[in-house]
Amino acid sequence: MLRIDLLSVVPDMLHSPLDHSIIRNARDKQLAEIHVHNIRKYSTHKHRKVDDYPFGGGAGMVLTPQPVFDCVDALKSGRTYDEVIFMTPDAPVFTQDDANRLSLCSNLMILCGHYKGVDQRIRDELITREYSIGDFVLSGGELPALVVTDAIVRLLPGVLGDAESALTDSFMDDLLDAPHYTRPASYRGLEIPEILRSGDHKRIQAWRQQQMEDKTKQLRPDLYKQFLNNQ
């Protein structure tokens, strides 16, 4: 079973998404164990304060090291973690390859950044991996942490009803996914591609492969170049 520990100063942002859809299925099936930890509970400040002004001046507040170090130490006393991950916009972008690799782990810890950032000593001493979900800034790392958690958990064997579904997602082979159609075959005069009615699975697979390559070449030439390099 994969265990994921999520560390946050606003843990209520995390609970609802973890109780629905694929992640809930994984938890109900005991394929994934996910725990949310309130960093404020580890603060030694009399008012459970977890942030302070940055040394040297500047705008914003910074997450202080003490509660984070103590929280991480407490969790590490019970198990060994494969990775301690920090979600931050100034990091490499999380990819499907990262999700694939992390889905093979046993214990993961994800720290959600907040405020202006975290004390650099946290990143230097505790963090083993840093990820962003894109070139933009959010109010905190909770939403990115949920994105990463979902991407990992759905890959665990037995989570999805159709095991092949995850294997044919976008990015699995450096390609975007092909178009999908379902019943009815004709709707408001809009017809599905005739080849999908043929029953010729070999031709359908070739059609889908070509659709994937054409779509990736048009929308993500960087990804298409990577696909060609890996052929």
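Please list, ordered by first then second residue, the pairs with beta carbon atoms under 6 Å, 6 or more apart or interchain, first in the range 64-83 and on the phi < 0 side of the Ramachandran plot and in the same structural domain as Arg101 (by TED's automatic domain parsing), second in a helix (DSSP H, G or I) and at pLDDT 95 or above.
Between residues of the range 64-83 that are on the phi < 0 side of the Ramachandran plot and in the same structural domain as Arg101 (by TED's automatic domain parsing) and residues that are in a helix (DSSP H, G or I) and at pLDDT 95 or above, the close pairs are Pro65/Arg121; Pro65/Ile122; Pro67/Ile39; Pro67/Tyr42; Val68/Ile122; Asp70/Tyr42; Cys71/Ile39; Cys71/Tyr42.
Could you list, in sequence order, the residues of the range 173-231 that are outside any loop (DSSP other than H, G, I, E, B) and hydrophobic (A, V, I, L, M, F, W, C)? Can you show your working first?
The initial filter retains those residues of the range 173-231 that are outside any loop (DSSP other than H, G, I, E, B), namely 186-187, 190-191, 194-197, 201-219, 221-229.
Hits for the range 173-231 are Leu190, Ile195, Leu196, Ile204, Ala206, Trp207, Met212, Leu219, Leu223, Phe227, Leu228.
Is it the case, given these coordinates, that Val137 is assigned by TED's automatic domain parsing to the domain that holds Ala32 and either acidic (Asp, Glu) or not in a loop (DSSP other than H, G, I, E, B) (or both)?
Values: assigned by TED's automatic domain parsing to the domain that holds Ala32: yes; either acidic (Asp, Glu) or not in a loop (DSSP other than H, G, I, E, B) (or both): no.
Taking the combined requirement at face value, the residue does not satisfy it.
Scan the range 1-9 and give yes if some residue there is over 17 Å from the mean Cα position of the chain (by Cα) and either outside any strand (DSSP E or B) or modelled with pLDDT under 95 (or both), otherwise no.
yes
Mind checking which residues of the range 29-49 are in contact with a strand residue (DSSP E or B) (Cβ under 6 Å, 6 or more places away or on another chain) and touching a residue at least 40 places away in the same chain (Cβ under 8 Å)?
Residues of the range 29-49 that are in contact with a strand residue (DSSP E or B) (Cβ under 6 Å, 6 or more places away or on another chain), as a first pass: 32-37, 39.
Across the range 29-49, the qualifying residues are Ala32, Ile34.
For Thr64, which of the numbered conditions (1) touching a Leu at 6+ places or on another chain (Cβ under 8 Å); (2) surrounded by 14 or more Cβ atoms within 10 Å (Cβ to Cβ) fails to hold?
Answer for Thr64: the failing condition is (1).
The values are calculated or read from the model by the stated rules, or taken from the named source; none is laboratory data. Quick caveat: nothing in here was measured; it's all calculated off a predicted structure. So basically every Cβ, Gly included, is an ideal-geometry build from the backbone, and we count neighbours across all protein chains shown.
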